[in-house]
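Bear in mind that the values in this text are calculations on the coordinates, not laboratory data. Computed from a prediction, not measured in an experiment: that's the story for all the values here. FYI the Cβ positions are ideal-geometry reconstructions off the backbone, even for glycines, and counts take in every protein chain you see.
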Amino acid sequence: MYSKPIVFFRFLVLSMIANVAIADEVELEFNGMTLNADLIIADGTHITDEIVIILHGTLGHKDMEIIETLQSVLEEIGRDSLAINLSLNIDDRHGFFDCEKPHSHRSDDAIDELNAWVAWLRKSGAKNISLLGHSLGANQAAKYVLSSQASIAKLVLLAPPASDARADKKSLEKLLSMSASDWLSDIRFLHCESADVQVASYLSYRGDDARNDTVALLEDVKIPTLVISGSDDQVSKDLGLRMVDVVNESVSHLEIVGADHFFRDLYAYDVVDAVDAFLGEDAQ
C-alpha cells in the first residue's frame with residue numbers, strides 16, 4: 001500500500017499520468033447508432049496480445065477520471081485497453097448522460113453492446129480479452145460474462161454494487177400493472193433528480209431482477225474473477241462484508257485500504273497492480 005504523499009507530489013504524479021496516454025477514438029455502427037470507445041495500444045504491444053475492455057459506471061462515460069487514469073496506468077505497464085461508452089440509446093454519446101433527455105435505455109443493453117465490441121476486437125485480431133467493469137458497469141460486466149454470448153478470459157469487478165437497489169414492493173406492483181412502453185414523468189432515477197423514464201427502463205434497473213445483485217451472481221461465475229473493493233467506499237460500502245460469504249474458487253477479493261468508490265490518486269496504481277498480477281496468473 002502506498003503511503004499518503006504530500007500534496008505537491010500527488011499533483012506531480014497525477015500530471016504525469018494525464019500526459020501518458022494518447023487514445024485513439026474508434027467507432028462502431030450498432031443498431032442504427034454509432035458507438036464509440038478509446039483504444040490504447042501500449043508501446044511494443046499489438047492488439048493481438050492481451051487487451052482489457054473497460055466499462056464505466058452509472059450514466060458515465062469513457063473520459064471519466066477513473067477510466068482515463070486506469071487506461072493510462074495500464075499503458076504504463078504495457079497493457080492494452082479499450083474503454084467503451086454505452087450508448088444509453090443516444091447516438092454517438094459523449095460525456096455524462098444528459099438528465100433532460102428521456103431514459104429509454106435498459107441495463108441489459110450493455111450485454112449486446114459489449115458483445116458487439118468483443119466481436120469488433122476479435123475481427124481486429126484480439127485473441128485474449130478480459131473485462132473490467134466499475135460500479136454499475138461491474139454488474140453489467142458480470143451479467144455479460146454469465147450470458148451465452150460471453151467470450152472473456154478474465155473478469156475484474158471494481159467496486160460493484162453491494163445491493164440490487166430494488167424499488168419497494170408497492171412501487172413495483174404499480175409499475176408491473178403498467179405497459180412497458182408507458183412513461184414516468186419527473187421522477188428521481190439513477191443520478192438524475194428529475195427525469196422522464198420509460199417503465200421498461202426503470203424496471204430493468206430497479207425491478208425484481210435477481211441478476212441486479214452482483215454479489216449473488218458471483219456464485220455462478222466460471223472464469224477467473226477478481227473483485228476489488230475500497231475500505232472507504234460509501235457507495236458500495238457493504239461490499240467487503242458480503243464478499244466473505246461468496247463461495248466460488250474462481251472468485252477472489254481484494255480490499256484496498258483507504259480507497260473510496262473512485263480509487264482516486266495513487267489508489268489507481270493499487271488497482272492496476274492488482275489487475276496486472278491477476279491477469280498474469282495462469283488460468284484456473
Seminar exercise, completed: With only helices counted (DSSP H, runs n ≥ 4, each -39500 (n - 2.57)), the per-residue ellipticity at 222 nm for the chain, to the nearest 500, works out to -9500 deg cm²/dmol
Seminar exercise, completed: Once normalised by the length of the chain, the mean sequence separation of its alpha carbon contacts under 8 Å that are 6 or more apart gives a contact order in percent of 17
Exercise. Where in the range 176-190 is the amide nitrogen less than 17 Å from a point lying 7 Å along the Cα-to-Cβ axis of Asp208?
Worked result: 176-180
For this session: Using +1 at the Cβ of each Lys and Arg and -1 at the Cβ of each Asp and Glu in the chain, identify which of Met33, Leu158, Val235 lies farthest towards the dipole's positive end.
Result: Val235
Exercise. When Leu266, Leu74 are ordered from fewest to most other Cβ atoms inside 10 Å of their Cβ, what list results?
Worked result: Leu266, Leu74
Exercise. Tilt of helix 109-123 relative to the longest C-alpha principal axis of the chain, in degrees (0 to 90, nearest 10)?
Worked result: 40
For this session: Calculate how steeply helix 7-20 sits against the longest principal axis of the alpha-carbon atoms of the chain, using the helix alpha-carbon long axis, and give the answer as 0 to 90 degrees to the nearest 10.
Result: 80
Exercise. Assigning unit charges at the beta carbon (Lys, Arg +1; Asp, Glu -1) and nothing else, what dipole magnitude in debye, to the nearest 20, does the chain show about its Cα centre?
Worked result: 480
Exercise. Cα-based Rg of the range 169-219 per 2.2 N^0.38 Å, rounded to two decimals?
Worked result: 1.24
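Assigning unit charges at the beta carbon (Lys, Arg +1; Asp, Glu -1) and nothing else, what dipole magnitude in debye, to the nearest 20, does the range 165-208 show about its Cα centre?
Result for the range 165-208 is approximately 200 debye, rounded to the nearest 20.
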Seminar exercise, completed: The rounded separation in angstrom of the Cα centers of the range 71-85 and the range 230-245 is 26
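Find the Cα radius of gyration of the chain, compare it with 2.2 N^0.38 Å by division, and give the number to two decimals.
So the Cα radius of gyration is 0.99 times the expected 2.2 N^0.38 Å.
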Exercise. Given the Cα atoms of the range 47-203, and with Rh set as the inverse mean 1/r over their pairs in the Kirkwood sense, what is Rg to Rh to two decimals?
Worked result: 1.00
For this session: Return the Rg/Rh value of the range 218-278, two decimal places, where both radii are evaluated on C-alpha atoms and Rh is the Kirkwood radius.
Result: 0.98
Exercise. What dipole magnitude, in Debye to the nearest 20, does the range 162-284 give about its Cα centre under +1 on Lys/Arg Cβ and -1 on Asp/Glu Cβ?
Worked result: 560
For this session: Restricting to the chain, compute how many DSSP beta bridges are antiparallel as a %, nearest 5.
Result: 35
Seminar exercise, completed: As a percent rounded to 5, the proportion of antiparallel DSSP bridges among beta bridges in the range 124-270 is 20
Seminar exercise, completed: Once the dipole of the range 161-284 is set up from charges on Cβ (+1 Lys and Arg, -1 Asp and Glu), the residue from the list Leu254, Thr225, Ser179 lying farthest towards its positive end is Ser179
Problem set entry | Over 26 Å between alpha carbons, listed pairs Lys174/Lys222; Lys62/Lys174; Lys62/Lys154 | Lys174/Lys222; Lys62/Lys174
Exercise. Within the chain, what's the longest stretch lacking GluC sites (Glu not before Pro) that sit in DSSP loops with no more than 13 other Cβ atoms inside 10 Å?
Worked result: 101-248
